[in-house]
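Okay, structure first, notes after.
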Amino acid sequence: MADDTQLTIPPTPAPAAPAAAPELTPEAQRPLRGGRFGMRGSRGGRPGRGQRRDRGPQEKPEFDQKTLDIARVARVTKGGKRFSFRATVVAGNGKGRVGVGVAKGRDVQQSIQKAYAQAKKHLITVPLTEGTIAYQVEGKYSSAEVILKPSRSGIKAGGAVRVVAQLAGIGALTGKLTRRTNNKINIARAAIEALLKLRTNKERQS
């Protein structure tokens, strides 16, 4: 005998409607600008443009420097000419120590840095007497001859001699070229040779 019982299948419920997205404020609707990640300065914690890094107080270098001359020089090789730059730098602490350095580099900045390092390697100590030198000295280097005399009314010298005197801490000096030349390297080194002849009172008495 057949079973006449009918199975009742419940209806499938309709999917729920998605929740409405919250309304954004005008500030939040603005697109983010700059930076790979949408925010300027968010990459690696690096500050964005216009923001300053707090590097703290910077210490003043021990030696001041002055560039006397920069020249472009060339070296002839088998493959042609190779150009470089030659810099002449005077370094001093203004307290009796001064030096002159000459170096070459591929660019101007590199040549100045190398010349400054050379100047610090060849520092001399100048004995000062009340802001000037104790007595007259003479110096010669290649084509340049320099006479340095003590003075009481500032530095009366020009060009390389003035730069060497100022960075050495000499406040009063009279300098004169006995042989006229325009080579600043030779003039600066002649001034160094003259200052090397200065002796302190103890050295002169011994």
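The values are calculated or read from the model by the stated rules, or taken from the named source; none is laboratory data. Quick caveat, the model's predicted, so the values are computed rather than measured. Note: accessible area is taken over every heavy atom of the protein model, side chains too, but ligands, DNA and RNA are not part of it. Shrake-Rupley method; radii C 1.70, N 1.55, O 1.52, S 1.80 Å.
Below are the figures for this structure:
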read-out: Lysines whose Cα lies under 25 Å from that of LYS81, excluding same-chain neighbours fewer than 8 positions away; value: LYS104, LYS114
read-out: Listed residues VAL73, VAL137 arranged by accessible area, highest first, probe 1.4 Å; value: VAL73, VAL137
read-out: Ranked order, PHE83, PHE63 - accessible area, probe 1.4 Å, largest first; value: PHE83, PHE63
read-out: Cα Rg, Dmax, segment 61-177, angstrom units; value: 16.3, 57
read-out: Lysines whose Cα lies under 25 Å from that of LYS176, excluding same-chain neighbours fewer than 8 positions away; value: LYS66, LYS95, LYS140, LYS149, LYS156, LYS184, LYS197
